[in-house]
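The values are calculated or read from the model by the stated rules, or taken from the named source; none is laboratory data. Being a predicted model, the structure only gives us computed values, none of them experimental. With ideal geometry, Cβ positions are generated from the backbone for all residues, glycine too; neighbour counts draw on all protein chains shown. Note: accessible area is taken over every heavy atom of the protein model, side chains too, but ligands, DNA and RNA are not part of it. Shrake-Rupley method; radii C 1.70, N 1.55, O 1.52, S 1.80 Å.
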Amino acid sequence: STIEPKITFKRLENVIKYTSTHGLFPEKIRPDKFWILFGYTSAHASFIWALNSLLCADNGKTLYIAAGIPKKWQNLKFSNIYTASGYGVSFTLKNGKATNLIVENCREKDRLIIIKVLNQNFEGGVKSIKKILSPGKNKII
């Protein structure tokens, strides 16, 4: 935007409240906070969604952590990336080994999930963990 940065940030701060887990923005928001027209995905939102999916994604039964990263990414850290099923993921990879994994269960009840960490490019391949997650943050690794 060519508008003054403080104004741009204020607008973004308002719109982000209405952004879906798929990066959809409403076309317009009335002053009374009513959405006008259906949401659309911007090119930027599509890119971020794809990057987040590379780092963590789920299908409701299995949570995939760093499943799409290449072997040359030996050091990686990300925090609070949320999946569509309501899992928040924070992960650290140091020298090709998973050193920290915290999964937040955003639901109000325990949930059983299979967690698959990394991919075949890494030493030891895919690490599969079956876990019952309590509501809130759960330290896995």
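Only the Cβ atoms of Lys and Arg (+1) and of Asp and Glu (-1) were treated as charged; on that basis the dipole of the stretch 64-141 about its Cα centre amounts to roughly 160 debye.
Quick one: work out the % antiparallel among DSSP beta bridges in the chain, nearest 5.
90 percent
Over the chain, with every protein chain in place, what whole percent of the accessible area is carbon and sulfur at 1.4 Å, could you tell me? Could you put the intermediate results ahead of the total?
Working: 5450 of 9390 Å².
With neighbouring chains kept in place, the figure for the chain is 58 percent.
Taking all protein chains as they are arranged and a probe of 1.4 Å, the heavy atoms of Trp73 leave approximately 90 Å² accessible to solvent.
Solvent-accessible area per residue in the chain equals 67 Å², computed with a 1.4 angstrom probe and all protein chains kept. Candidates Ser46, Gly124, Ile113 compared by Cα position along the dipole of the chain: farthest toward the positive end lies Gly124, with charges placed on Cβ.
Listed values for the stretch 111-120 are Karplus-derived 3J(HN,Hα) couplings in whole Hz (6.51 cos²θ - 1.76 cosθ + 1.60, θ = phi - 60°), namely 9, 8, 9, 9, 10, 10, 9, 6, 8, 5, and x replaces Gly and Pro.
To the nearest 10, the accessible area of Glu27 is 100 Å² with a 1.4 Å probe. Charged neighbours of Ile36, selected by a Cβ distance under 10 Å, balance to +1 (K, R count +1; D, E count -1). Among the listed values (1) 11, 41, 33, 12, 2, 0; (2) 11, 42, 38, 8, 0; (3) 11, 35, 28, 19, 7, 0, the one matching P(r) over Cα pairs in 10 Å bins from 0, in percent as calculated from this structure is (3).
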